[in-house]
Amino acid sequence: MPWFWEGMKSPIRTLSRRRPDQPPGVTPGRPVATALPPGATWNPGICPVEALQEDSGAIAVEFDRCVHCMRCQQPEAGVAWAYDYQWARQHTPPLPRAFQHSIHVRIIDAGDCGACLSEVRQLTGPVYSLHRFGIYVTPTPREADVLLAVGPVTAGMKAALREAYQAMPTPKRVVAVGVCALNGGIFADGFAVEGGAARVVPVDVAVGGCPPPPLAILDALQRVIGRGLARSGEVRA
Amino acid sequence: MSAGGGARTGREGPERFPARIIYTAAADLPAVVEQLPSAPGRLFLGLVVEEQEPPTPWHLQYWWAEPDSSWLVVDVAAQDPSIPSISAVEFAADWPEREAEDLFGIAFAGHPQLGDFVLHDEDFGESAVPMRQVAGGHGTTAAAGDAYRPPRIVEAPGGFLMPVGPVFSGIQESVRFLLETVGEEIMHAQVRLFYKYRGVEKLMEGHAPDRALLLAERVNGTQATAHALAFATAVERMAGAPAPMRAQMLRTLLAEWERIRSHVGTLAGIVESTGLSVPANHLIAAEERLLQQSAEHWGHRYLFGLVAPGGLTGDPGPAALGAMAAEAERVVSDVLRVCDRLTFDNSFLDRLEMVGVVPPARAATLGLVGPVRRASGAEMDFRRSHPYAGYDQVPPAVAVEVEGDGYARFRVFRRELEASLHLIQQLVHKIPAGPVTAPCSPGAGWAAATVEAPSGALTYWVRLDDHGRIRRCHIMPPSLANWHGLPDAVRDYAFQDFPIILATYGLSVADADR
Ligand code: SF4
Ligand code: SF4
């Protein structure tokens, strides 16, 4: 019983959905397209994974490749950063309306470095409190509507990922979290790495970043249930 | 030094890196190791293997850390890959030998269990030797072998084997446990790692250090600073160019900040495993606070992209340092308050006390490291015994407990929070002005560095080629040593104690798997 009172006494830590000004540090931000001053020369070699390219007088960002090495965040790099977290991209329509109020997510670590999984854990913690959105983590594949995969798919996890997907009832969706789950990220060339969840299961929503912060993962999950669409105005089917 | 026949000793490496090297022939290896002068506190760190050009393609280095701030290396050059096993003399070499056998095809004569370790049989087959560089190439084309079968199953009336994983309920890293039992108690536990093997060391080969750094940080993203620091320090030792003083002190501050965040996460895991969700949530929220502060002051929630060969990539300035120290104090005192309340909670204590006991002698045999080792009575801390970065200026207080049970480990993690906070408070006043980077252009050669990561001794061994690119990197992570010791801690305890003992070990799978 004392822990119950302890819980009642502690301040509310959960971030509000209505507050547009989230505390600093909920996102590391990300590089965004930047116009180059006329006649300026710019060195694309700054990015170790070729996520930045010069394209007709501007720096173009291929965010799906970015591993958050933070090198282009240095002021002298000349690349603009946005401190947003609506990073998810949706490839298929959301789950039917019946799922709007409650979905169950199964989480598969397909070989992550620990940071992506840590961000998923924070998302279910008191600050982000995932279940207030009607999104629950489930241990059983038979109950799962969404499979959330982190990490590049390693040789050792390929079969487990495929089996987890096959065991889920339809309709079902797959969310790939982090640049590793998008395309293998920094590990893409490894002999023990398949590279990207899409090699094994069909990916419906992808969120890049290394790692994507909890709010970016939340954005991805909300898109799966069709809540992310209105806000961003982006409908891709 | 009395060493086996044919052994000679020597020194190699830059001055800041005192390693005593014993060169020996493969046949004499077990005798040399057996006759090493006894040194309580000596720790086996790992086994480095390289394939070089003929006629002696096999180059092995067995690494120990000595209690007197130096390292001991037994160096073997051999013509063929048949080397006697030392695991009967140095039990901590058990897994490193299995790893080298799997990746290089070295047959360690006398090792009781080789095969199916890093490369799972169902994925690769036994003839794959992906780490070989000269002969055998990068070959991983060997057809997959048989489906996995546990090497042993308990033979007792009513005995059965319970496999768990690699995928668990909730949010867990992928790993498999095989628990053997005849009922309530675990008679024997096997840990099957490397489902998450990404081959990081192989991926580093051929890259310049600043590119390989990205991989080092992402071996274990939750302890990225420790990995980057070990890697960068090894590269700087090779270049003979230490980072500037301000960078060294800032690295120390970052490493302590990371230790606090990591330990808060471990404590949250321990509390969660006992089912007390209110205090567990409190600690998870504290960890998030530290993640946010990391991003606010240093750009990245997990401190990626800061430590680099030559120093640091940025300097947050004095205001940010003061703010970090104040925030560390706020969060740590909040966490300590929760921990202290837990020590009055019988339902919590009952589940940790006298559970998962590893006596000091056994912890030494197993070669356990970090907080887990310190909870079994050893004053083993590389920040003090082998100072690096700025630790010679701010030697930390080492938290030691003697019981070796779950509660002792909980108390060590808790006390280390206090010690790290104290270090940060000292550091903000001691960090000198000046640049945070210096040129670092290493030539060919090898070097190593050991740091005290939040979970224990972490060693990077790096060899660069003539172009300054990575020819071979070998990582000796703390979690591999401690995973090796986990079965001992859970033996003869009840099934329901297993998740709790596991949590008190504070293990990372990614760290061990690489
Ligand atoms: S932060 Fe991303 S885009 Fe920028 S340099 Fe690093 S990897 Fe490239
Ligand atoms: S995307 Fe980055 S943070 Fe996530 S698992 Fe991969 S390396 Fe780790």
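The values are calculated or read from the model by the stated rules, or taken from the named source; none is laboratory data. Please read all numbers here as calculations on a predicted model, not as lab measurements. All Cβ positions, glycine included, derive from the backbone under ideal geometry; neighbour counts span all protein chains shown. Just so you know, the surface numbers come from the protein's heavy atoms only, side chains and all, with ligands and any DNA or RNA stripped out. Shrake-Rupley method; radii C 1.70, N 1.55, O 1.52, S 1.80 Å.
Under the definition of Cα pairs under 8 Å and six or more residues apart, what whole-number percent is the relative contact order of chain B?
Details: 1072 pairs, mean separation 85.3, N = 514.
Relative contact order here is 17 percent.
Spatial offset of the range A:101-115 relative to the range B:413-468 amounts to 33 Å, using the alpha carbon center of each. Within 14 Å, Cβ to Cβ, of B:Gly265, how many net charges do the neighbouring residues add up to if Lys/Arg are +1 and Asp/Glu are -1? Result for the local shell: -2. A DSSP coil position with no more than 13 other Cβ atoms inside 10 Å describes the following chymotrypsin sites (Phe, Trp or Tyr not before Pro) in the range B:336-444: B:Phe344. Rg over Rh for the range A:30-82 works out to 0.91, using Cα positions for both radii and the Kirkwood form for Rh. Using every pair of distinct Cα positions in the range B:226-283, the Kirkwood expression returns a hydrodynamic radius of 13.5 angstrom.
Accessible-area loss of 10 Å² or more (1.4 Å probe, protein heavy atoms, chain alone versus all protein chains) is found in the range B:294-311 for B:Ala295, B:Glu296, B:Gly299, B:His300, B:Arg301, B:Tyr302, B:Phe304, B:Gly305. Counting only Cβ charges, +1 for Lys and Arg and -1 for Asp and Glu, the dipole size of chain A around its Cα centre is about 980 debye.
In a simple Cβ point-charge model (Lys, Arg +1; Asp, Glu -1; nothing else charged), chain B has a dipole of about 1200 debye relative to its Cα centre. Could you work out the helix-only [θ] at 222 nm for chain B, with each DSSP H run of four or more residues adding -39,500 (n - 2.57) and the total divided by the number of residues, to the nearest 500 deg cm²/dmol? It comes out at -12000 deg cm²/dmol, rounded to the nearest 500.
When Lys and Arg each count +1 and Asp and Glu each count -1, what net charge do the other residues less than 10 Å away from B:Ile86, Cβ to Cβ, add up to? Spelling it out: positives minus negatives among the neighbours equals -4. For the protein assembly as shown, lysine pairs with C-alpha atoms less than 27 angstrom apart, excluding pairs fewer than eight positions apart on the same chain, total 4.
Note on the protein assembly as shown: dipole from Cβ charges, positive end direction compared against A:Leu95, A:Tyr165, B:Leu336; the farthest Cα belongs to A:Leu95. On the principal axes of its alpha carbon atoms, the protein assembly as shown extends 77, 76, 56 Å, with the longest extent given first. Rg of the Cα atoms in the range B:8-135, relative to 2.2 N^0.38 Å, amounts to 1.07. Calculated accessible area for the range B:189-243 comes out at 15 Å² per residue, all protein chains present (probe 1.4 Å; ligands, DNA, RNA ignored).
Within the range B:181-201, the residues that become at least 50 Å² less accessible when every protein chain is included than when their own chain is isolated (1.4 Å probe; DNA, RNA and ligands ignored) are B:Tyr195, B:Lys196, B:Arg198. Residues of the range B:35-49 with an amide N closer than 18 Å to a point placed 7 Å from the Cα of B:Ala361 along the Cα-to-Cβ direction: B:38-42.
Distance from the alpha carbon centroid of the range B:336-371 to that of the range B:52-74 works out to 35 angstrom.
Taking the Cβ of B:Val509 as the center, what net charge do the other residues with Cβ under 13 Å away carry, scoring Lys and Arg +1 and Asp and Glu -1? The partial results should precede the final answer.
Values: positive: B:Arg176, B:Arg192, B:Lys196, B:Arg198, B:Arg514; negative: A:Asp109, A:Asp112, B:Glu173, B:Asp511, B:Asp513.
With Lys, Arg at +1 and Asp, Glu at -1, the neighbours total 0.
With the biggest extent put first, the Cα atoms of the range A:88-224 measure 42, 31, 26 Å across the principal axes.
Pairing chain B with chain A buries about 4800 Å² of accessible area. This figure sums both sides and uses a 1.4 Å probe. For the range A:17-111, applying the loop criterion from DSSP together with a ceiling of 11 other beta carbons within 10 Å to the trypsin sites (Lys or Arg not before Pro) yields A:Arg17, A:Arg18. Here the range A:30-82 exposes an accessible surface that is 53 percent carbon and sulfur, computed with a 1.4 Å probe and the other protein chains kept in place.
Tell me, which longest segment in chain B has none of the GluC sites (Glu not before Pro) that fall in DSSP loops with at most 13 further Cβ atoms within 10 Å? Mind dumping the intermediate values first?
Details: sites that count: B:Glu15, B:Glu155, B:Glu184, B:Glu379.
With a cap of 13 other Cβ atoms within 10 Å, the longest stretch comes to B:185-378.
Taking only the alpha carbons of the range A:1-144, we obtain Rg and Dmax values of 20.2, 69 Å in that order.
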